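Novice: Can you read through this structure? Questions will come right after.
Each value in this text was obtained by applying a stated rule to the coordinates, not by laboratory testing. Keep in mind that what you see is a predicted model, and the values were worked out from it rather than measured. Using ideal geometry, Cβ is built from the backbone for each residue, glycine included, and neighbour counts are taken over all protein chains shown.
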Amino acid sequence: MNDHTLHVRIVTLSQILFEGDAQSVSSVNSQGRFDILREHANFITIVENKPITIRVPNQPDLTYKFPLAIIFTTNNMVNIYTYPQAHK
């Protein structure tokens, strides 16, 4: 992780689907659209059946959609906990 990125992990019960640095993570929760950037305040939310977009430096955006995901952000780390039925 450099000074301008977040470290992101997508974790299921049996595997890590993604782990790497990102410029941002975006999605929609029950309150509306949100973006997580570097230096974001501690944050936890539930995302249900909405796309989660990870903006990776120098690569196309990655978009995942899960029936249910918990996103937990602290200290420039974003952990996304979900079930293995992902649509990429």
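Novice: Size of the dipole of the chain about the Cα centre, Lys and Arg at +1 and Asp and Glu at -1 on the beta carbon, nothing else charged, in debye to 20?
Specialist: Its charge dipole is roughly 240 debye.
Novice: Also, I was wondering about something else. Please list, in order along the range 46-59, the HN-Hα scalar couplings obtained from phi with the Karplus expression 6.51 cos²θ - 1.76 cosθ + 1.60 (θ = phi - 60°), rounded to whole Hz, x for Gly and Pro.
Specialist: For the range 46-59, the Karplus-derived couplings read 10, 10, 10, 6, 10, x, 10, 9, 10, 9, 9, x, 6, 9 Hz, x marking Gly and Pro.
Novice: Another question, if that's okay. On a full-extension model of 0.36 nm per residue, what is the gain between residue 4 and residue 16, subtracting their alpha-carbon distance, rounded to one decimal in nm?
Specialist: Between residue 4 and residue 16, full extension yields 2.0 nm more.
Novice: Now for a separate question. Report the relative contact order of the chain, percent, no decimals, based on alpha-carbon pairs under 8 angstrom and at least 6 residues apart.
Specialist: Contact order relative to length: 30 percent.
Novice: Right, next: Give me the extension gain from residue 42 to residue 77: residue separation times 0.36 nm, minus the current Cα-Cα distance, reported in nm with one decimal.
Specialist: Computed gain between residue 42 and residue 77 is 11.6 nm.
Novice: Oh, and also: Which residues does the label zone of residue 28 cover in the range 40-83, counting backbone N under 17 Å from a point 7 Å along Cα→Cβ?
Specialist: The answer is 46-54, 63-69, whose backbone nitrogens lie closer than 17 Å to the label point.
Novice: Going by amide H atoms built from the backbone, whose H comes under 5 Å of the H on residue 11, apart from near neighbours?
Specialist: Excluding prolines and chain starts, which carry no amide H, the hits are 17, 80, 81, 82.
Novice: Cut-off 10 angstrom, C-alpha nodes, Gaussian network model of the chain. Which of 36, 16, 71 fluctuates the most?
Specialist: Looking only at 36, 16, 71, the largest GNM fluctuation is found for 16.
Novice: Could I ask something else about it? On a full-extension model of 0.36 nm per residue, what is the gain between residue 50 and residue 68, subtracting their alpha-carbon distance, rounded to one decimal in nm?
Specialist: Residue separation times 0.36 nm, minus the Cα-Cα distance, leaves 5.6 nm.
Novice: What's the Cα-based Rg to Rh of the chain, Rh via Kirkwood?
Specialist: Computed over Cα atoms, the ratio is 0.92.
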